[in-house]
Amino acid sequence: MAYSIAPGSLTLSRSVLDRAADRRRDEDWLEKAWAAPDTQVLVVAGDKLRVTADRTALDLIAPSKAPEGVRVFLGIDGGAVFAVLTPGEADESFAGLREIGGVLGDREAGMAVHVIGLANWHAVHTHCANCGEHTVVIEAGHVRECPNCGLHHFPRSDPAIIVLVTDDEDRALLGRNEAWPEGRYSTLAGFVEPGESLEAAVRREVFEESGVVIGEDIQYAGSQPWPLPSSLMLGFYAKATGTDIDVDGDEIAEARWFTREDLRALVEAGTMALPGNISISRRLIEGWYGEELTGSW
């Protein structure tokens, strides 16, 4: 087993912005950066980003045109880049990461996953988990502080494994989630549990969802932020010790072994849909297949 994800193909893993984390506590510098003529601001409503009229890029504006909201410092790329998290509803000038992520360049893709992850975190961490007091935003949007007990709350990314399993005949194991329509398949995935290694998580999740046992041959393939709402996807290839399938019937409705010929025929016939181009699942499948495939959700 020697598969790999094509270099540079993980759209949401590309970023060129210097996050300049050392500036987040420097209030004087942040105020000067906000007022600078070359500063750019990205507006976010909920988990959606304001985009250009042709919906091919982020609509970056001057600070003087930015609405009220939580101000987040994203980093430096020549000038400073901020985002404003607005309390209002998103209209047609906004787009979600699934819609816009695939057409963004490295700079804007990095900005998008950064700010959407923060926006989702702020939305559900408004109160202190220790004492229940309403928290306040500090450190340029990257920390919430409790004014009552003083506890600091930091954004978290939940680690999740995602794996393409093959058998002795070099077939790929793909599954259909219970909530998905017929014909929609993806690689198996699941969250890493406390005290669990990544390799152990691969074995456990694959067995729980499909009944397939994984041996010692587990190969790391790459990682991708997936802030929908807060995951970090850790991609693997793994080799099964057998081919018997026994799906859990809860999360996974069905799972099948596919040859490359099976996969291509079903995709070209339009009876099988693969994950979208911004997902690491798609890249794991194409790494095994050997080239890019057409068709997606």
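Of the residues making up region 262-286, those that are more than 18 Å from Ile161 (Cα to Cα) and assigned to a helix (DSSP H, G or I) are Asp262, Leu263, Arg264, Ala265, Leu266, Val267, Glu268, Ala269. Taken over region 262-295, residues that are within 18 Å of Ile5 (Cβ to Cβ), small (Gly, Ala, Ser) and open to solvent by 60 Å² or more (accessible area, probe 1.4 Å) amount to 1. Taking Thr86, is it surrounded by fewer than 15 Cβ atoms within 10 Å (Cβ to Cβ) and either closer than 23 Å to Trp34 by Cβ or at pLDDT 95 or above (or both)? For Thr86, the condition - surrounded by fewer than 15 Cβ atoms within 10 Å (Cβ to Cβ) and either closer than 23 Å to Trp34 by Cβ or at pLDDT 95 or above (or both) - is not met.
All conditions in (1) under 24 Å from Glu286 (Cβ atoms); (2) in a strand (DSSP E or B) hold for Glu216, with the sole exception of (1).
Which residues, counting only those in region 228-261, are under 24 Å from Val103 (Cβ atoms) and either open to solvent by less than 60 Å² (accessible area, probe 1.4 Å) or of a type in the set (A, V, I, L, M, F, W, C) (or both)? Of everything in region 228-261, those that are under 24 Å from Val103 (Cβ atoms) and either open to solvent by less than 60 Å² (accessible area, probe 1.4 Å) or of a type in the set (A, V, I, L, M, F, W, C) (or both) turn out to be Leu228, Ser230, Ser231, Leu232, Met233, Gly235. Among the residues of region 84-98, the one identified as within 17 Å of His122 (Cβ to Cβ) and polar (S, T, N, Q) is Thr86.
Taken together, the residues in region 191-213 that are small (Gly, Ala, Ser) and either in contact with a Phe, Trp or Tyr (Cβ under 6 Å, 6 or more places away or on another chain) or not in a loop (DSSP other than H, G, I, E, B) (or both) amount to 3. Selection within region 16-46: residues that are surrounded by fewer than 19 Cβ atoms within 10 Å (Cβ to Cβ) and under 22 Å from the mean Cα position of the chain (by Cα). The member of this set that is nearest to Leu118 (Cα to Cα) is Gly46.
Could you tell me whether Gln224 is open to solvent by less than 50 Å² (accessible area, probe 1.4 Å), farther than 30 Å from Leu118 by Cβ and part of a strand (DSSP E or B)? So Gln224 does not fit the description; no. Per the conditions (1) exposed (fewer than 13 other Cβ atoms within 10 Å of the Cβ); (2) closer than 18 Å to Leu60 by Cα, the sole criterion not satisfied by Asp106 is (1).
The values are calculated or read from the model by the stated rules, or taken from the named source; none is laboratory data. The model shown is predicted, which means the values in this text are computed figures rather than measured ones. Every residue, glycine as well, gets a Cβ built from its backbone with ideal geometry; the counts of neighbours run over all protein chains shown. Just the protein is used for accessible areas: all its heavy atoms, side chains included, with ligands, DNA and RNA removed. Shrake-Rupley method; radii C 1.70, N 1.55, O 1.52, S 1.80 Å.
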